Amino acid sequence: ISALELTQETLAGIKSREDKVDSFLLITEDEALATAKAIDEKGIDASNILAGIPIAVKDNIVTKDIITTAASKMLYNFNPIYNASSVDKLHASDMVIVGKTNMDEFAMGGSTENSAFKTTKNAWDETKVPGGSSGGSATAVASNQVLLSLGSDTGGSIRQPASFNGVVGMKPTYGRISRFGLIAFGSSLDQIGPFSQNVEDNAHLLGAISGYDAKDSTSSKVEVPDFTSKIGKDIKGLKIALPKEYFGPGIDEKVKEQIQAAAKHLESLGAIIDEVSLPHSKYGVAVYYIIASSEASSNLQRFDGIRYGYRAEDIENLEDVYVKSRSQGFGEEVKRRIMLGTFSLSSGYYDAYFKKAGQVRTLIMDDFAKVFEDYDLILGPTAPSVAYDLGTQSHDPVAMYLADLLTIPVNLAGLPGISIPAGSVDGLPVGMQLIGKAFDEETIYQVAAAFE
Ligand code: GLN
């Protein structure tokens with residue numbers, strides 16, 4: 001099959017399923033067909049497993065000459081003049097971008113209901129949320145519109161929607177992938193990562209987008225391995241830790257049962273399973289909402305009605321340009337984060353909030369470091385529940401924030417974490433999270449593959 005034929009079939013499949021799931025903000029049909037044609041003319045490199053494969057990209061990852069909105073009215077008309085480095089890498093691997101996926105505005109949220117433009121539905125049940133913020137990227141893969149997509153994860157935005165849609169989603173080690181061209185939310189936490197239908201595909205895509213980039217000073221020079229190298233290898237003797245905090249109150253009993261059954265499966269394959277403690281993980285949500293919001297309040301200053309995107313019309317003076325453009329351009333949740341962040345960074349409160357949060361972040365990192373002295377991996381649920389009904393949590397920000405308690409500590413510590421399907425509860429998929437040592441995504445994929 002040629003890249004063009006595959007792209008045509010994929011586009012037809014996207015359109016036939018789009019009414020049901022609403023994964024996409026933009027389907028880039030013309031660009032995709034042109035790219036595929038060019039790949040066919042150049043000739044497909046048989047050694048490149050990703051060549052000619054269609055992929056969807058979350059709409060906070062900038063694409064040259066393709067409108068990129070981060071699902072915000074603020075950027076409704078933003079037409080980037082450059083590609084994110086990860087997008088350049090997709091092109092370098094001869095992949096075909098077929099569209100930009102829906103998300104929570106500026107990646108702030110956990111259900112994709114904060115999009116300024118549309119509501120994405122869970123691929124298993126259209127009355128349920130798809131999770132978020134990378135909800136569109138997850139449903140596009142789960143509903144078989146595409147085999148692969150990119151998302152971003154600041155506090156769980158790849159792993160939680162992967163969990164809610166029964167697909168594989170990886171948040172790589174901080175620094176593994178260049179953030180250049182990822183519209184910044186919390187710069188010390190943000191990481192781009194792959195969604196896929198199976199573990200091996202995920203490892204291949206991660207390989208394609210990883211590596212040092214001079215345009216992102218936080219990208220790492222650590223060598224990029226073959227992430228598939230351990231897939232299929234015996235897991236006998238691997239030491240896997242179950243943090244008791246990840247099986248405590250607030251986690252759905254039926255979800256816990258599925259994860260415990262998964263741990264038993266690994267034990268039957270020869271892994272050594274023990275209970276451990278991550279005593280400071282209970283502070284993760286509080287610490288995260290101070291750090292992520294503080295960084296966001298700073299990152300979002302650039303949206304001033306002058307340089308990018310939306311500008312209010314009823315303007316009388318310069319202050320109006322800022323105040324009205326920002327008041328009208330940003331949604332409610334984004335404003336809430338800007339206010340929270342500005343407050344925690346303000347003089348008089350900085351020591352009590354931002355500085356303190358940084359100190360507790362170190363304690364959370366130390367908890368992980370201690371466990372990883374003795375264990376290869378940490379295992380637990382990805383989210384405290386399965387997907388819930390659309391419209392039921394969007395009015396209660398604190399309830400929504402608490403839903404990230406199992407994913408957030410991983411971002412705070414900069415570690416890699418994956419969500420893979422692990423059974424179902426009431427007909428909806430359960431996600432299992434595997435957390436690895438920094439820059440050891442290979443062991444995560446090795447154990448994840450033991451479930452396929
Ligand atoms: N749900 C979390 C938040 O609202 C995480 C979002 C993300 O990872 N981008 O901040």
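Just so it is clear, none of the values below were taken in a lab; they were calculated from the coordinates. Because the structure is predicted, anything quoted here is derived from the model rather than measured. When we count neighbours, we look across all protein chains shown, and the Cβ atoms used for this are built from the backbone with ideal geometry, even at glycine.
Based on the Cβ-Cβ distance from ALA38 to LYS264, what FRET efficiency comes out when R0 is 41 Å, to the nearest 0.05?
It comes out at approximately 0.25.
Find how much the distance from LYS370 to SER327 grows on full extension, using 0.36 nm per residue of separation minus their present alpha carbon separation; answer in nm with one decimal.
Full extension of this stretch gives 11.0 nm more.
Got the relative contact order for region 28-165 handy, in percent, Cα pairs under 8 Å and 6 or more residues apart?
23
So if I take the alpha carbon set of the chain, get Rg, then get Rh from the Kirkwood formula, what is the Rg over Rh ratio?
A ratio of 0.96.
State the antiparallel share, in %, of DSSP beta bridges confined to the chain, rounding to the nearest 5.
65
Of LYS89/LYS118; LYS215/LYS239; LYS171/LYS230; LYS64/LYS118; LYS128/LYS437, which pairs sit farther than 26 Å apart, going by alpha carbon to alpha carbon?
LYS89/LYS118; LYS215/LYS239; LYS128/LYS437
Could you check the simple spin-label distance between ARG311 and MET339, using points 7 Å along Cα→Cβ, in nm with one decimal?
2.8
If r is the Cβ-Cβ distance from GLU253 to ALA46 and R0 is 41 Å, what FRET efficiency results, to the nearest 0.05?
After rounding, the FRET efficiency stands at 0.25.
Would you list the membrane-span-like helices of the chain, meaning whole DSSP H runs whose alpha-carbon atoms span at least 30 Å along their axis and whose mean Kyte-Doolittle value is at least 0.5?
Answer set is empty.
Report relative contact order for the chain in percent, whole number only (criteria: Cα-Cα under 8 Å, sequence separation at least 6).
18
Zone of THR392 (label point 7 Å along Cα→Cβ, backbone N under 18 Å): which residues in region 246-264?
250-256
About its Cα centre, how strong a charge dipole does the chain have in debye, to the nearest 20, once Lys and Arg get +1 and Asp and Glu get -1 at the Cβ?
It comes to approximately 700 debye.
What FRET efficiency comes out for VAL222 versus ALA92 if R0 is 22 angstrom and r is the Cβ-Cβ distance? Round to the nearest 0.05.
Given R0 = 22 Å and the Cβ-Cβ separation, E is 0.65.
So what is the calculated 222 nm ellipticity per residue for the chain, using -39500 (n - 2.57) for each DSSP H run with n of 4 or more, over all residues, to the nearest 500 deg cm²/dmol?
About -11500 deg cm²/dmol.
Which order do ASP59, ASP389 fall in if you start with the one that has the fewest other Cβ atoms within 10 Å?
Ascending number of Cβ neighbours within 10 Å: ASP389, ASP59.
Give the residue list of GluC sites (Glu not before Pro) in region 217-307 that are DSSP loop and have at most 14 other beta-carbon atoms within 10 angstrom.
GLU223
Tell me which of ILE240, ALA208, MET339 sits at the most positive position along the dipole axis of the chain, charges placed on C-beta atoms (Lys, Arg +1; Asp, Glu -1).
MET339
Taking the Cβ of ASP104 as the center, what net charge do the other residues with Cβ under 9 Å away carry, scoring Lys and Arg +1 and Asp and Glu -1?
-3
Can you list the trypsin sites (Lys or Arg not before Pro) in region 196-297 that are in a DSSP coil and have 15 or fewer other beta carbons within 10 angstrom?
Answer by residue number: LYS215, LYS221, LYS233, LYS236.
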